[in-house]
Amino acid sequence: MKDGGRLAAAIEVLTEVDTRHRPVQHALREWGASHRFAGSGDRTVIGNLVFDSLRNRASLAAAMKSDTPRALVLATYAQTWEKGTEALVQALDGDRHAPDPLSDEESRLLSEIPADLPESASADVPDWLWERFRSVFGDNAVAEGRALAMRAPVDLRTNTLKSDREKLLKRLSHTGAIATQKSPLGLRIEAKPGMGRMPHVQAEEGYRKGWFELQDEASQLAAHLAQARPGEQVLDFCAGGGGKTLALAASMENKGQLYAYDADRLRLAPIHERLQRAGARNIQVRDPASSSLEPLEGEMDLVFIDAPCTGTGVWRRRPDSKWRLTEKALSDRIEDQKNVLATASRYVKPGGRLAYVTCSVLSEENQEQAEQFVRDHPEFEAVNVLDVWKRSLPGVPEPTYAFDSGGLLLTPASTATDGFFIAIFERRA
């Protein structure tokens, strides 16, 4: 396919996402299935156009004075990818599969440098969320929003049950993988710009043999700061597909007992294959339909909660979710978090720890939730997570956002990771 056809395909997919409110990955898969002539390179470019249009939707729409799929895709190609108007005109000219040629107004807007955009548009944050966002980041809000609108790298976690980071760095040198700056177990493949294609790391021998897992550096750090130790009794209360479960198991060196539970049994489905591949032998998967957690009450050294949240910290990876988020969804997640914290706390033994983690950057889901939990549960006290960071990650620069309530917030702009909040509580002995 020529670029003109790719632009037309991206507009078609984005129109499907907008009009039918479909997840972008589903729309891209369906387009590929019905257009089998498109090669893998074509599908990569089309996907990049769609995702970058969504990442930068507000700023592109403000610059183009339109939020139509056509306006967003053309601006992504010419401005975000820095191809320029001349290259865009050439892509649209002489290709029968290309979109219509540029109008005079489109040409003018694409040639101008946008100025004096509203802060929320510059940051690519939904208008209704802007004040909440600014209350967290203050003068850094626009920079944090822009960082959340960039492409995310591919981060890998070394599975220390089977391998070590130095060996993996040699094995994956052809992918451009480098050591992460904060996680002692992480490797990173930086995002490629424009039409760039990322390596398919799940096709690597090391992935098939369980030497590494895909896991963002912030997620790795959250599991690391929870400090699961060999021989402990640990409950991963919202285990989902098992990414953090595997990280906790590796920290425990396969010693002790780790229980993986999720109220949604469908989310647990992928965990069994991953456990086998990783060689994690100290994990019991507790299916909510067939087993009870009641015998675990008051017995756990550590309960880890990867709480349900809005996902505002992972907008780089799921940009369509940014524009689908609503006030009601936020309100529902806040209530879910409160209930999950109250329920999970029952399993912590005296002297044990409760780790609360979200992939959100919003105060209501993070530090406010942590502060309310301590008020409602005086048998728990907050741990200063920054102190844990200093002890367990000596020499690693401290995060910018450390709160009086004891929690830490990691962000793309400040720590070059996804947005993650980590709070830890200890049950009084």
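The values are calculated or read from the model by the stated rules, or taken from the named source; none is laboratory data. Predicted model only: the values in this text are computed from it and were never measured. Methodologically, a virtual Cβ is constructed for each residue, glycine included, from the backbone with ideal geometry; neighbour enumeration extends over all protein chains shown.
Evaluating THR175 against the criteria (1) among the polar types (S, T, N, Q); (2) in contact (Cβ under 8 Å) with a residue 60 or more places away in the chain; (3) more than 30 Å from SER122 (Cα to Cα) leaves one unmet condition, (2).
All conditions but one from (1) more than 25 Å from PHE51 (Cβ to Cβ); (2) within 19 Å of the chain's Cα centre (by Cα); (3) surrounded by fewer than 22 Cβ atoms within 10 Å (Cβ to Cβ) apply to LYS167; the one that does not is (2).
No other residue among ASP376, ASP404, ASP387 is among the charged types (D, E, K, R) and modelled with pLDDT under 95 apart from ASP404.
Restricting attention to region 174-198, the residues being assigned to a loop (DSSP other than H, G, I, E, B), among the aliphatic types (A, V, I, L, M) and under 28 Å from GLU82 (Cα atoms) number 4. None of SER163, SER111 is among the small types (Gly, Ala, Ser) and more than 30 Å from GLY210 (Cα to Cα) except SER111. When region 97-125 is filtered for residues that are under 30 Å from GLY311 (Cβ atoms) and either of a type in the set (S, T, N, Q) or surrounded by 18 or more Cβ atoms within 10 Å (Cβ to Cβ) (or both), the ones remaining, listed by number, are SER120, ALA121, SER122, ALA123, ASP124, VAL125.
For region 291-299, the criterion of a residue being in contact (Cβ under 8 Å) with a residue 12 or more places away in the chain and either aromatic (Phe, Trp, Tyr) or outside any loop (DSSP other than H, G, I, E, B) (or both) is satisfied by at least one position. For beta carbons closer than 6 Å, sequence separation of 6+ or different chains, a first residue in region 326-345 that is over 16 Å from PHE425 (Cβ atoms) and a second that is not aromatic (Phe, Trp, Tyr), the qualifying pairs are LEU330/THR310; ARG333/PRO308; ARG333/CYS309; ARG333/THR310; ILE334/GLU364; ASP336/PRO308.
Selection of first residues in region 222-238 that are crowded, with 24+ Cβ neighbours inside 10 Å and modelled with pLDDT of 95 or more and of second residues that are of a type in the set (D, E, K, R) and assigned to a helix (DSSP H, G or I), restricted to Cβ pairs under 8 Å at least 6 apart or on distinct chains, gives the following pairs, ordered by first then second residue: ALA222/LYS244; ALA223/LYS244; ASP236/LYS244. From the list LEU302, LEU248, the lone residue that is in a strand (DSSP E or B), modelled with pLDDT of 95 or more and either closer than 23 Å to GLY351 by Cβ or not basic (Lys, Arg) (or both) is LEU302.
Listed by position, the helices (runs of 4 or more DSSP H) contained in region 313-429 that have at least 2 residues being among the polar types (S, T, N, Q) and surrounded by fewer than 19 Cβ atoms within 10 Å (Cβ to Cβ) are 327-344. Of all residues in region 278-312 being among the charged types (D, E, K, R), over 18 Å from LEU354 (Cα atoms) and touching a strand residue (DSSP E or B) at 6+ places or on another chain (Cβ under 9 Å), which is surrounded by the most Cβ atoms within 10 Å (Cβ to Cβ)? Top of the filtered list is ARG286.
When region 46-74 is filtered for residues that are aliphatic (A, V, I, L, M), surrounded by fewer than 24 Cβ atoms within 10 Å (Cβ to Cβ) and out of contact with any Asp or Glu (no Cβ under 7 Å at 6 or more places or on another chain), the ones remaining, listed by number, are ALA62, ALA63, MET64, ALA71.
The residues listed here are TYR347, TYR356; of these, the one that is of a type in the set (Phe, Trp, Tyr) and within 24 Å of the chain's Cα centre (by Cα) is TYR356.
Among the residues of region 199-214, those that are surrounded by 21 or more Cβ atoms within 10 Å (Cβ to Cβ) and either assigned to a loop (DSSP other than H, G, I, E, B) or of a type outside the set (Phe, Trp, Tyr) (or both) comprise TRP211, GLU213. State whether the residues of region 171-191 include one that is under 21 Å from the mean Cα position of the chain (by Cα), of a type in the set (Lys, Arg) and either surrounded by 21 or more Cβ atoms within 10 Å (Cβ to Cβ) or modelled with pLDDT of 95 or more (or both). Checked region 171-191: at least one residue is under 21 Å from the mean Cα position of the chain (by Cα), of a type in the set (Lys, Arg) and either surrounded by 21 or more Cβ atoms within 10 Å (Cβ to Cβ) or modelled with pLDDT of 95 or more (or both).
Residue-wise test of (1) buried (at least 24 other Cβ atoms within 10 Å of the Cβ); (2) touching a residue at least 24 places away in the same chain (Cβ under 8 Å); (3) part of a loop (DSSP other than H, G, I, E, B).
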{"position": "ALA38", "(1), (2), (3)": "no, yes, yes"}
{"position": "ARG43", "(1), (2), (3)": "no, no, no"}
{"position": "THR76", "(1), (2), (3)": "yes, yes, no"}
{"position": "GLU86", "(1), (2), (3)": "no, no, no"}
{"position": "ALA91", "(1), (2), (3)": "no, yes, no"}
{"position": "ASP95", "(1), (2), (3)": "no, yes, yes"}
